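Each remark here refers to the structure printed beneath this line.
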Amino acid sequence: MDIREEFLRFFESKNHNRVASAPLVPDDATLLFNNAGMVPFKSIFTGEIPTPSNPRATSCQTCIRAGGKHNDLENVGHTARHHTFFEMLGNFSFGDYFKEEAIANAWEFITEVLELPVDKLWVTVHDSDDEAELLWQKHISKDRIMRLGDADNFWSMGDTGACGPCSEIFYDQGEENFNGPEDKMGGEGDRFLEIWNLVFMQYERSADGKMNPLPKPSIDTGMGLERVVAIKEGKTSNYDSSLFMPIILHVESLIGKKYEYASGASYRVIADHIRTSLFLLAQGINFSNEGRGYVLRRILRRAVRHGYLLGFREPFMHKLVDDVVELMGAEYDYLSVKANAVKEQIELEEARFFKTIESGIALFNEELKTTQDVFSGEVAFKLYDTFGFPLDLTEDMLKEKDLKLDSAKFEELMLEQRTRAKAAWKGSGDADTHGDFKELLEKFGENTFVGYEFLQHSGEVLALLDENFKHVDSLTSNSKGWVLLDITPFYAESGGQTGDIGELVGFAKVEDTRKFFGLNLSQISVTADLKVGDVVDSSVDISRNEIIKHHSATHLLHAVLFDVLGDHISQAGSLVDADKLRFDFSHPKALTQVELAEIETRVNNDVLRAIEGETKVMGIDDAKNSGAKAQFGEKYGDEVRVVSFGNASVEFCGGVHVDNSAQIGSFIITKESGVSAGVRRIEAVCGNAAYQYFSNQRMLMKQVESEVKNLDVIAGINRMKTNITELKSELKEAQSSSKVEISSVEINGVTVVIDELTSGDIKENIDELKNKNENLCAMLFQVKGDKVLIAAGIKNANAKAGDWIKKIAPILGGGGGGRPDFAQAGGKDVTKLAEAKEEALKFITEVLS
């Protein structure tokens, strides 16, 4: 049974609109990820935007709970039901049906479609919800309904706002499987498994805590697909189901060790985390050290750590991508499209972390040298925090040495870290925008954009908003705000293209244009009083001409990258403005100069071919079948714009472009760099920005010619290099001829040198002394301005250069360290040089005696 499809079809038969899963990155800036089925509908539930024409919806939403308030990461693999990535089935009523129909629909689906036995089902309701209990009694006996309090059966969106009681459906997995003291209804055991939560949004909670009935109560339900699949397959753990076992069995075959459930937490972590990693990477999230990219990095590295525990010593996670594609690619077709690029990104990140693990082991072994009975909690925490070592791995390594861990110190540092992280987390970091958008949408609907055809157009001011997006009747001179025009030529920021600037002639400067819930709004700085109802002439700034050159060049670049580097190329982000373009794409390594030259040449060839641009509005399926490239995460309707330049480039795009590729002028790559593991970035300039780049380069070249005193700058530079080589040689000869004899003493058969050099390289002198002496302890000092350089070398002697340096450098107000055979340091107090030399001799004499 395809439970996902059966659920969606069932609710379509109940007049619900099927809504595709929204991207994992939500529009809600307070969240890192979509973590529940209702998140994409939050603006409807809160009343920010109008209720859709059909107030019923159903979806299967991909969700992640691995950061922020909702975080199941540490439980994954150790319980039967926790996941970082999961699918949530849901049905929603926006002020339409309420408890009676929600309960009836849930019961019908559970018992008639899923055919779950009634004697296995239990229900909970809020202890104050008499209505829900009476409605449930139409379907299930009263003795199978339990009342619970706020902690279990009351839902709220936040401290204020929509809230209400909820009702949960439980499935009894059998006393024969679970018979502990907590395996009871209302207990913490796994016998009674919650499978569906029905939320009855019927109140609005105010700041003073008072709950007022909503005029149109709503329904929000959520059912975990993974749990239901496991139940239907007769499994007591989600991980034993067909959604996970193919991945686990592949891990088993790769490592050559049999999977056993009781000891197989690492297998389950890997199976869960590869799903999360694939979906995030396929949706354009890349590995990084902050925000969502950091969560992704933690998840993948956590899986690699568990692979290390199983015995993996080289990348393996990327080999599991095809398993997930096989299991889920039919429902989420972008997984197969992005699979090859994702494999490369994962393999690179894995390889990087395996190197980190080795560095961590080196730190562990170094600490062992000074450990007596108890291993440092600080070092264990550093292994965890810096090198990603799980505590259990560190503890296993200590058991082999019969050593204990300072767990108290480790836990203290962990608590400090959690406190810092909790205080620092502020959601996604994006601007969270709220305003009077619902009122505008209900009154005016979406306004008309005519910027594809016109750069100037008259329009009526339908509405004005202040800087906080609150409705006002007018904006006075020198104030700032936002304007909604009935007809606007200003392009709103979208798809990487920046929003238009310009002016409302005689009234205001337009500083930006953005979209909010489909409304095209321009941010304005008012120069003359402006009020609702005014008719104004809008004029797009001339910079639009440069923006469209860069945008069209980005399309040509994308196509050329695909041809030159391979079909694994996938767009990972872009920015297009009047001064530059920036294009991020999946690729495992830095581009060579030869590749960059070919890419630049081929894009310029397409520019010089003067290819006519063509824009067609097509049905979404026809557009996909045409071979046009689409960008994941962009919201496409039933009809889309397809922009093409002959056979050079064909892409979905709602942006603005040149009419002919020749208008781009020229295309110059200014920089190629890495964004994250497996993602590269090309920056380039076109049009006027390219001319400015050439002009600056020409001026720079003139300056170089002047500096090297040669119109042939290469010849001039080579001449300077020859001069430098000759001068270095002369300097070395001069230093050799002025070398002073370094004095030494002998202590217990070891030559000891402690001296000050006025010239030469003290490290080279240490090396020379080692070559001349079989047994040596040497420390040399050299004054450089107001600082003192120190170097120490040991050869065949019972002493350590690092310890010697650490003892002497503080006398000179400095510090340093190094290997047992060589160490160096710096000091700030030249006046203590004599004392330092004296102490150096005293220290080494004691060590050698």
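The values are calculated or read from the model by the stated rules, or taken from the named source; none is laboratory data. Since we're looking at a predicted model, the values are computed, not measured. Every residue, glycine among them, receives a Cβ derived from its backbone with ideal geometry; neighbour counts consider all protein chains shown. We work out accessible area using only protein heavy atoms, side chains counted, and drop any ligands, DNA or RNA first. Shrake-Rupley method; radii C 1.70, N 1.55, O 1.52, S 1.80 Å.
Observations on the structure shown:
- Neighbour cut-off at most 14 other Cβ (10 Å), DSSP loop, trypsin sites (Lys or Arg not before Pro), the stretch 191-249: Lys210
- Dipole of the chain, positive end: most advanced residue of Ile766, Ile811, Ala104 [Cβ charges, Cα centre]: Ile766
- Percentage relative contact order, the stretch 171-313, counting C-alpha pairs under 8 Å, at least six apart: 13 percent
- Shape of the stretch 639-749, Cα gyration tensor, a/c cut at 1.5: oblate
- Per residue, the stretch 266-403 exposes 41 Å² of accessible surface when a 1.4 Å probe is rolled over the protein heavy atoms with every protein chain present.
- The candidates Glu774, Glu595, arranged from most to least accessible area with a 1.4 Å probe in the full protein assembly, appear as Glu774, Glu595.
- For Ser242, Ser263, the ranking by accessible surface with the largest value first comes to Ser263, Ser242, using a 1.4 Å probe.
- When the GluC sites (Glu not before Pro) in the stretch 104-134 are filtered for DSSP coil states and for at most 11 other beta-carbon atoms within 10 Å of their beta-carbon, the remaining sites are Glu115.
- Given in Å, the Rg to one decimal and the Dmax to the nearest whole number for the Cα atoms of the stretch 513-659 are 18.1, 59.
- Label point distance in nm, Ala207-Ser759, each placed 7 Å from Cα along Cα→Cβ: 7.8 nm
- Loop-located GluC sites (Glu not before Pro) in the stretch 318-365 (DSSP state not H, G, I, E or B) with no more than 13 neighbouring Cβ atoms inside 10 Å do not occur.
- 23 Å Cα cut-off, lysine pairs counted over the stretch 664-736 (separation 8 or more, or different chains): 5
- Across Glu233, Glu290, Glu367, the residue with the most accessible area heads the list, and the full order at a 1.4 Å probe is Glu290, Glu233, Glu367.
- Debye log10 I(q)/I(0) for the stretch 72-207, one point scatterer per Cα, at q = 0.10, 0.11, 0.18, 0.22 Å⁻¹: -0.36, -0.44, -1.17, -1.51
- Accessible surface calculations at 1.4 Å, restricted to protein heavy atoms, place the stretch 16-163 at 40 Å² per residue.
- Accessible surface of the chain [probe 1.4 Å, protein heavy atoms]: carbon and sulfur percent: 47 percent
- Residue-level accessible surface for Val783, protein heavy atoms, 1.4 Å, Å²: 50 Å²
- Extension gain for Lys120-Asp829 works out to 247.2 nm (0.36 nm per residue, less the C-alpha to C-alpha distance).
- Only one residue of Gly164, Asn212, Val228 has its Cα farthest out toward the positive end of the dipole of the stretch 160-229, where Lys and Arg carry +1 and Asp and Glu -1 on Cβ, and that residue is Asn212.
- For the chain, calculated [θ]222 nm from helices alone, where every DSSP H run of n ≥ 4 adds -39500 (n - 2.57): -11500 deg cm²/dmol
- Two-decimal log10 I(q)/I(0) for the chain, as the Debye equation yields it once each C-alpha is a single scatterer, q = 0.11 Å⁻¹: -1.35
- With a Cα cut-off of under 29 Å and a minimum spacing of 8 residues unless on different chains, the lysine pairs in the stretch 128-237 number 9.
- With DNA, RNA and ligands ignored, accessible area of Lys549 (1.4 Å probe; Å², nearest 10): 40 Å²
- Simple Cβ-charge dipole of the chain, Lys/Arg +1 and Asp/Glu -1, about Cα centre, in debye nearest 20: 2360 debye
- Counting heavy atoms of the protein chains alone, Thr845 has an accessible area of about 50 Å² for a 1.4 Å probe.
- Average accessible surface area per residue within the stretch 423-558, 1.4 Å rolling probe, Å²: 45 Å²
- Farthest positive-ward along the chain dipole, Cα basis, beta-carbon charges - from Leu440, His126, Leu296: Leu296
- Prolate/oblate/rounded call for the stretch 711-849, Cα gyration tensor, a/c under 1.5 rounded: prolate
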